[in-house]
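Worksheet for the structure shown next.
We did not get these values from a lab; they are worked out from the coordinates using the rules stated. All figures in this text were calculated on a predicted structure; none of them were measured in a lab. Note: ideal-geometry Cβ built from the backbone for every residue, glycine included; neighbour counts use all protein chains shown.
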Amino acid sequence: MDSVESEFTNQQINIDLLPDHQAVDFETISKKKQTKSFYQITIGLVILLAGWGVLFYFLPAHWSLYLVLGILLLFFGFAYLNASLLQKKYGYALREKDLIYRRGYLITKTTVIPFNRIQHVSISRGVFDKALGISTLKIFTAGGQGSDVSIPGLLPNLAVNLKEAVAKKLTVEEYE
């Protein structure tokens, strides 16, 4: 053992002195994320309307078919509204010691990930992402089974810059 023994301390922290994650200026994501959501919703709507059209063609006209059509249109109308409202609430911020990601409009969810918990970061691009020129940054933390945070709707060069910035922070944290 060392000749100098350190004593274990576990002092109480004053919560008022901690930095406020809500006082951060969040960066917004690309509007192309909303366009991607609209495309996906529209494809689902067209498929279900085609199915409804087949039923309408082969079954005798009945009020229940019109009720189903009304419910479909109401559901997809809500989906478009949801995609529009969500777009305004997506945000992220990179700070000295952590990354913050915010989403949701009725119930806002904010995730703060300290850099010392991040295992690795990756970038993914699906078919719509490639067509629209956007990427998703995925952040994996210790003990997670998948990506703990996925930040969608980032321009590809921004996603690469964020990935590199997080990687630099991880390297710095390792050697401190």
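Structural remarks
- J(HN,Hα) series, the range 80-94, from Karplus relation 6.51 cos²θ - 1.76 cosθ + 1.60, nearest Hz, glycine and proline x: 5, 4, 4, 4, 5, 6, 5, 3, 6, 9, 5, x, 9, 8, 9
- Here the spin labels are modelled as points 7 Å beyond Cα on the Cα-Cβ line, and at LYS89 and LEU59 they lie 3.5 nm apart.
- Theoretical FRET efficiency, 1/(1+(r/R0)^6), r = Cβ-Cβ of SER6 and ALA142, R0 25 Å, to 0.05: 0.45
- Sites ILE15 and HIS120, calculated FRET efficiency, Cβ-Cβ separation with R0 25 Å, nearest 0.05: 0.20
- Nearest-ten-degree value, helix 32-58 long axis tilted from longest Cα axis of the chain: 30
- Subtracting the Cα-Cα distance of ILE71 and ALA167 from 0.36 nm times their residue separation leaves 29.8 nm of extension gain.
- Grouping the Cα pair distances of the range 92-175 into 10 Å bins from zero gives a pair-distance distribution of 17, 50, 29, 4, 0 percent in increasing distance order.
- A compact globular protein would have a Cα radius of gyration near 2.2 N^0.38 Å; the ratio found for the chain is 1.48.
- Compared with the dominant Cα axis of the chain, that is its longest principal axis, helix 156-175 is turned about 30°.
- Evaluated over the chain, the count of Lys pairs having alpha-carbon atoms less than 14 Å apart is 13 (only pairs 8 or more residues apart or interchain).
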